[in-house]
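The structure appears right after this line, and notes come after that.
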Amino acid sequence: MLTSVYRPGTSPLHRARAGTKLLALAVGASALAWQRSVPAVAVGALVVAAAVAVAGMPARWVWEQLRPLRWVLLLVAGFQVLTQDWRLALVVCATLALAVLAAALVTATTRMQELLDVLQRLLQPLRRVGVDPDRVALLLALTLRAVPVLQGLIAEVGDARRARGCERSLRALLVPLLIRTLRHADNLGEALAARGVDD
Amino acid sequence: MRTSRRWSSRDLALVASFAALIAVLGLPGALYVFGNTVPITLQTLGVMLAGAILGWRRGAAAVLVFLVLVAVGLPLLSGGRGGLGVFAGPSVGYLIAWPLGAAVTGALVQARWPRYPLWWGVLANVIGGMVVVYALGIPGVAVMTGTPLAAAAASAVIYLPGDLAKALIAAIVTAGVRRGYPRIAEEPRLLRRDPKPLQGRPLQGRALEGGPDTAGQQDSQRAGDTGTR
């Protein structure tokens, strides 16, 4: 079903606090983007490689993170080599790959709930402008619950579409799907109101 | 004066359901069009639909909730991508633009609420779902990859035909949903103060007879044969 990209483990990186990891990621990625030099990229590569090793991520995991980038990296590298020089190509591509890898490492070593808790804490100051962090948390939980419901609805509507003999029509799928989604939402809203969420 | 009205439990439920819808539209194997041959990502379609159906406020919130779930590690983007790494990649500009695009589409649709002329719906989708999204997405690619703006813009050309088709489909689907589920088209929360009430249209009567869902399905079947209207 719906599984997070989190990979369970007991490494120091897994045990570190989510807020610390996010802060380190923000500082590191910003520094790398700010510097844009070969030494900075080398240092960044060492740090990220060490972190990946400490977290015990296999080489395959690294490849899976970078795979969606491969064509972009190739194009950018080619472009930079043609118009600028190879050094800039190396720096730009490495910065991109390192930032993606480091960010992926944070989500791979941190439970989703911990990240959501950090988000809820970050939202506290927004109380003043009318954002209620508890309601945001409720909203996220409701969404997580709604995903399997929506998957069920898609399967149902898809069957209905096939039974009616219009498999190719996107409209015959989406209109009933959206109407059922809205109806589900209305029922859910009434259930929430009945439990006093509006009070 | 406080600009933000309080979110009712119905608002929360609608936002959560649409965020989940956008998520499901991108899950692998969830949706294949044209007889299981061409897998296309329908997530930008979900962005347009969220704005057009829920209005700017709830539409943008639904997309934002979806992006938060992606950021905390659910592999919900098309191709099973997810986690913070996505936001460090070249397409971050597109992702940031999504909630804005949904808001713009919704605001444009609401400007003519409760009417929904098809041409206006398509225009709203094109402006919100394409102009706004490209306006942030293309500079995003340029900055993240260090290429000039023109090269980044050229890379976006491949999305044009698909996105145009999605803008059209989203408008047709929105019109069908509003007919099949009139409650959503009669929402009181508008930009305009006092909306003209929907005048009795023949389709409304039919929708009441057969129940909302059946009306929508009959309707979609009829138009599904030709594809467009």
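Could you list, in sequence order, the residues of the range B:42-69 that are under 16 Å from residue A:150 (Cβ atoms) and either in a loop (DSSP other than H, G, I, E, B) or without any contact (Cβ under 8 Å) to a residue 40 or more places away in the chain (or both)?
B:42, B:43, B:46
Would you check if residue B:112 is within 8 Å of another protein chain (Cβ to nearest Cβ) and either hydroxyl-bearing (Ser, Thr, Tyr) or without any contact (Cβ under 8 Å) to a residue 40 or more places away in the chain (or both)? Walk me through how you get there before you give the answer.
Working: within 8 Å of another protein chain (Cβ to nearest Cβ): no; either hydroxyl-bearing (Ser, Thr, Tyr) or without any contact (Cβ under 8 Å) to a residue 40 or more places away in the chain (or both): yes.
Against the criterion (within 8 Å of another protein chain (Cβ to nearest Cβ) and either hydroxyl-bearing (Ser, Thr, Tyr) or without any contact (Cβ under 8 Å) to a residue 40 or more places away in the chain (or both)), residue B:112 does not qualify.
Under 6 Å between Cβ atoms, at least 6 apart or on separate chains: pull out the pairs that start in the range A:173-196 with a residue that is within 19 Å of residue A:155 (Cβ to Cβ) and end on any residue that is outside any helix (DSSP H, G or I).
A:179/B:181; A:182/B:181
For every residue, the table says whether it meets (1) over 20 Å from residue B:53 (Cβ atoms); (2) modelled with pLDDT under 90; (3) in the same structural domain as residue A:28 (by TED's automatic domain parsing).
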| site | (1), (2), (3) |
| --- | --- |
| A:143 | no, no, no |
| A:150 | no, no, no |
| A:157 | no, no, no |
| A:173 | no, yes, no |
| A:185 | no, no, no |
| A:188 | no, no, no |
| A:196 | yes, yes, no |
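Would a scan of the range A:108-115 turn up a residue that is modelled with pLDDT under 90, more than 8 Å from every other protein chain (Cβ to nearest Cβ) and part of a helix (DSSP H, G or I)?
yes
In the range A:19-37, which residues are at pLDDT 90 or above and farther than 16 Å from residue B:87 by Cβ?
A:19, A:20
Filter the range A:187-199 down to residues that are surrounded by 17 or more Cβ atoms within 10 Å (Cβ to Cβ) and more than 7 Å from chain B (Cβ to nearest Cβ), then give me how many there are. Before the answer, list the steps.
Here is the first cut: in the range A:187-199, the ones surrounded by 17 or more Cβ atoms within 10 Å (Cβ to Cβ) are A:188-189, A:192, A:197.
Right, trim to more than 7 Å from chain B (Cβ to nearest Cβ) and you get none.
Selection size over the range A:187-199: 0.
Go through the range A:116-146 and count every residue that is of a type in the set (Val, Ile, Thr), farther than 19 Å from residue A:182 by Cβ and part of a helix (DSSP H, G or I).
To start, the set of residues in the range A:116-146 that are of a type in the set (Val, Ile, Thr) comprises A:118, A:129, A:131, A:136, A:143.
Those still in the list that are farther than 19 Å from residue A:182 by Cβ too: A:118, A:129, A:131, A:136.
With the extra rule that they be part of a helix (DSSP H, G or I), the set shrinks to A:118, A:129, A:136.
Residues in the range A:116-146 being of a type in the set (Val, Ile, Thr), farther than 19 Å from residue A:182 by Cβ and part of a helix (DSSP H, G or I): 3 in total.
Quick one: what pairs do we get from the range A:59-87, first residue more than 10 Å from chain B (Cβ to nearest Cβ), second surrounded by fewer than 18 Cβ atoms within 10 Å (Cβ to Cβ) and modelled with pLDDT of 85 or more, C-beta under 7 Å, 6+ apart or different chains?
Listed by first residue and then by second, the contacts come to A:87/A:38.
Going through B:19, B:71 one at a time, which residue ends up being modelled with pLDDT of 85 or more and either surrounded by 24 or more Cβ atoms within 10 Å (Cβ to Cβ) or among the aromatic types (Phe, Trp, Tyr) (or both)?
Values: B:71 fails: either surrounded by 24 or more Cβ atoms within 10 Å (Cβ to Cβ) or among the aromatic types (Phe, Trp, Tyr) (or both).
Criteria check complete, one pass: B:19.
Would you confirm, using the coordinates I've provided, whether residue A:136 is under 25 Å from residue A:28 (Cα atoms) and without any contact (Cβ under 8 Å) to a residue 40 or more places away in the chain? Step through it out loud before you land on a result.
Working: under 25 Å from residue A:28 (Cα atoms): no; without any contact (Cβ under 8 Å) to a residue 40 or more places away in the chain: yes.
Answer is no for this residue.
Counting only residues that are farther than 21 Å from residue B:144 by Cβ, assigned to a loop (DSSP other than H, G, I, E, B) and charged (D, E, K, R), which one in the range A:1-50 is nearest to the other protein chains (Cβ to nearest Cβ)?
Residue satisfying both the conditions and the ranking: A:7.
Look at residue A:49 and say whether it is exposed (fewer than 13 other Cβ atoms within 10 Å of the Cβ) and modelled with pLDDT of 90 or more. Full working, then the answer.
On the way: exposed (fewer than 13 other Cβ atoms within 10 Å of the Cβ): no; modelled with pLDDT of 90 or more: yes.
For residue A:49, the condition - exposed (fewer than 13 other Cβ atoms within 10 Å of the Cβ) and modelled with pLDDT of 90 or more - is not met.
Kindly indicate whether any position in the range A:161-176 is of a type in the set (S, T, N, Q) and buried (at least 20 other Cβ atoms within 10 Å of the Cβ). Break it down stepwise before answering.
If we filter the range A:161-176 for residues that are of a type in the set (S, T, N, Q), which is where we start, we get A:169.
Now narrow it down to the ones that are buried (at least 20 other Cβ atoms within 10 Å of the Cβ): A:169.
Looking for residues that are of a type in the set (S, T, N, Q) and buried (at least 20 other Cβ atoms within 10 Å of the Cβ), one finds at least one in the range A:161-176, hence yes.
Which residues, counting only those in the range A:150-177, are under 18 Å from residue B:22 (Cβ atoms) and within 7 Å of chain B (Cβ to nearest Cβ)? Steps first, answer last, please.
So in the range A:150-177, the residues under 18 Å from residue B:22 (Cβ atoms) come out as A:150-155, A:157-158, A:170, A:173-177.
Hits for the range A:150-177 are A:150, A:151, A:154, A:170, A:174, A:175, A:176.
I'm trying to understand the selection: among the residues of the range A:147-182, which are among the polar types (S, T, N, Q) and assigned to a helix (DSSP H, G or I)?
Quick first cut of the range A:147-182, residues among the polar types (S, T, N, Q) only: A:151, A:169, A:181.
Once the filter is applied, which keeps residues that are among the polar types (S, T, N, Q) and assigned to a helix (DSSP H, G or I), the range A:147-182 yields A:151, A:181.
Please go through (1) on the phi > 0 side of the Ramachandran plot; (2) more than 7 Å from chain B (Cβ to nearest Cβ) for residue A:130 and return the number of the only condition it doesn't satisfy.
Only one criterion in (1) on the phi > 0 side of the Ramachandran plot; (2) more than 7 Å from chain B (Cβ to nearest Cβ) is unmet by residue A:130, namely (2).
The values are calculated or read from the model by the stated rules, or taken from the named source; none is laboratory data. Computed from a predicted structure; not experimentally measured. Heads up, the Cβs are rebuilt from the backbone with ideal geometry, glycines too, and the neighbour counts pull from every protein chain shown.
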